[in-house]
Structures are given as C-alpha cells and as structure tokens.
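Coordinate-derived values only; no laboratory data. Here the structure is a predicted model, which means the values were calculated and not measured. All Cβ positions, glycine included, derive from the backbone under ideal geometry; neighbour counts span all protein chains shown.
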Amino acid sequence: MRFAIISITKKGVVLADNLLQALSEDPTVIQVDAYVGDVKNTFMKIYPDYDCIIAIMATGIVVRTICSLIKNKGTDPAILVVDENGENVVSLLSGHLGGANEYTLKVSQVLNANPVITTSTDVSKKMGVDTLARRHWLSLDNLNIVKALNRAIADGEILDLYLPTRYDFVEDDKIARDTYKFHYWDDNHIRVDFEEISLNLNPLTLVAGVGSRRGVSEEQVRNCLEEATAILNIPVDRLDVIATGEMKKDEEGIMEAAWSLGIPVEVVSLEALERYRHPDLKPSLLVEKKFGVVGVAEPSALITAGDSSRLILAKTSRKGVSVAIAISGRLYKK
C-alpha cells in the first residue's frame, strides 16, 4: 500500500516523521511519503496517487479540502485524520473498500492512539460485504447494491454467502460467522444473497514470488509462505500461484512446497527478469551480482500477476527463503 502523510504544525511534522519511520518498516507498506503545508494543493496533487492519506490536522480542514475531490467508494483513497498530539486516529473516508478502518487500526497501534471508527457494520461487530471483499482480495461486480446489503447486516440480518470449497477458511473468522450463513459450491466466484438482492464477488489473482538459497527444504519454504500470508491476515490457501525465477526451477524445496499446498507454479524466464522494471521493486545487490537481475521474489510475483499488478507485500525473508506477494487486476481463473 502507498501512504502519504500531510502535516501543518511543528508538532504535526514531528509526529509525521515518527509515523513515516514506523510505516517504512512495515512490509505491507510499499511506499510512504511526507508533505508539509499547502494542504489544499497537496491534496489535489496527490489524491489519486496513494492508497491512504493521513492528515495530521483538524478534521474540519480535511473535510473542506476533500469535498470536491471525492468521486466514489471504488476509487477514492482512504483518508485518516490524526490530531497533532497523536491521541486519536479517525477513519474519515473509504472505511471499508478503501481500507481506512484497517489503516486506522494500524496507525493507532503505531501511535498508541485511540482508533475512531464509525461505520455501522463495524460498530455492530459485523462484516460488511465490502469488508469481506477487501479482506480476501475480491472485486465487487456492482457497488450500487453494497449499501443495501450492509444496511441489512447492520440491522442484524444474516445473509447467505456462497463460496468455492477452497474458500472454507472464510468461515474461520468469527465476525464472518456472525454475519453470514455459509454455503459451498463448485463455482469459482463468490455470491452474497439477501431476499431479492444478489452480489457477485470475484477473486483477484494473488501471486507469491519465491526466491531462496540453494538446497532449502520444503518446510523452510512453507514456513516462509505461511508467515508472509499471515502478515496480510490471509491463509496460505488464498494464494493462486507461486512464481519463481528460471534459476530456481530445479529447486526441490520450492517445487515440493507448492505441490504439497496444491498451488500451481509458474517459472519466469531469466530474460523476462532482466528486462523487467517496476516502481515497487527494491533491488537486491546480492541477486544482481550473482544473476544479473534486480531480484527474484518481487519481480517474479509482479510479472506473473500481469501488467496491472502491484505488490501488497514487499520481500520478506526467513532462513534462506524470500517471499513477496503481488495482486493482479485480473480475476483468477483455474
């Protein structure tokens, strides 16, 4: 995710610097930038370029500034407001689909602050359909009916949720169990039903790029994959593809881990890795020196996920194994 922090006062700048440093160490944060002053022009300039904008200032300033920029919940970034003492973090805009509620919890933990979340499904301890979509990386086919379904959820209704069998992990979430009645089918898409309303949710392709030292075991690879997906609060079963570079195509630990997990493997050619450029990539000097490419895990994930892909987990390493995870703009197809 890409974060921007805007501050005005001296106290706000100090708080922004501390927050920037903390977020920079989070592997789910791919980019974080800080801006000072000129609130109106800064918001206008950066609004479409970040997943989350954190404004360290009064809520009224932010409301007056963004009112002309807001388009729709499918494209607007998450907007958070933090007071300059760092005591409260307010989820102001795009709480569900844009992730503002999730980011509010993240930032409040960093600052040891009070998270302020007002969306009705959340305060009712229920899972809105857009929260379900965001948590499991699903696209929504009709945003216009989300409001009606979430209103029913907030009113205490139980909605029917139809899932592919491989998505049985959704049922592990107590809030989901309190919100939906689960049904399983052979279709790859997901559907939510309530009375005469139906909403389709389609899985976006999630790709784990894997690199490793020579001779790593299946257990080492599995452990790293499981730890990486846990950072994203998803099970390893949610992965659609495991990708690696041509130089690792005979690495038994990678191949055996993929086989045991039942996840297909795609091998990215050395030529494709050499040509590939992407703003999310953080070059590895060791890999570049040995193989002449900027990396294995991150570019393999991004290349396999496709032209519209982006990293949602930067490279994380454990005991000789590296994993990065990319999300595609494409729907997953078996």
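Tabulated data
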| quantity | calculated |
| --- | --- |
| Exceeding the 18 Å Cα-Cα cut-off - candidates LYS126/LYS147; LYS45/LYS282; LYS126/LYS181 | LYS45/LYS282 |
| Rule-of-thumb Rg ratio for region 2-118 [Cα; 2.2 N^0.38 Å; N residues] | 0.93 |
| Structure-based [θ]222 nm, the chain - -39500 (n - 2.57) summed over DSSP H runs of at least 4, per residue, nearest 500 | -9500 deg cm²/dmol |
| Percentage relative contact order, region 204-331, counting C-alpha pairs under 8 Å, at least six apart | 37 percent |
| Förster radius 25 Å - calculated FRET efficiency between ILE61 and ASN114, Cβ distance, rounded to 0.05 | 0.80 |
| Zero-based 10 Å bins, Cα pair distances in region 144-301, whole percents | 9, 31, 26, 17, 13, 3, 0 |
| Overall dimensions of region 122-195 as given by Cα atoms, namely Rg and Dmax in Å | 11.4, 34 |
| Normalised contact order of the chain, rounded percent, pairs of Cα under 8 Å and 6 or more residues apart | 14 percent |
| Listed candidates [x] 59, 47, 38; [y] 58, 52, 31; [z] 92, 62, 41 - label of the one calculated as Cα extents along the principal axes in Å | [y] |
| Convex hull volume of region 74-115 per residue (C-alpha atoms, cubic angstrom) | 47 Å³ |
| Cα-projected label distance for ASN233 with ASN142, points at 7 Å along beta-carbon direction, nm | 2.8 nm |
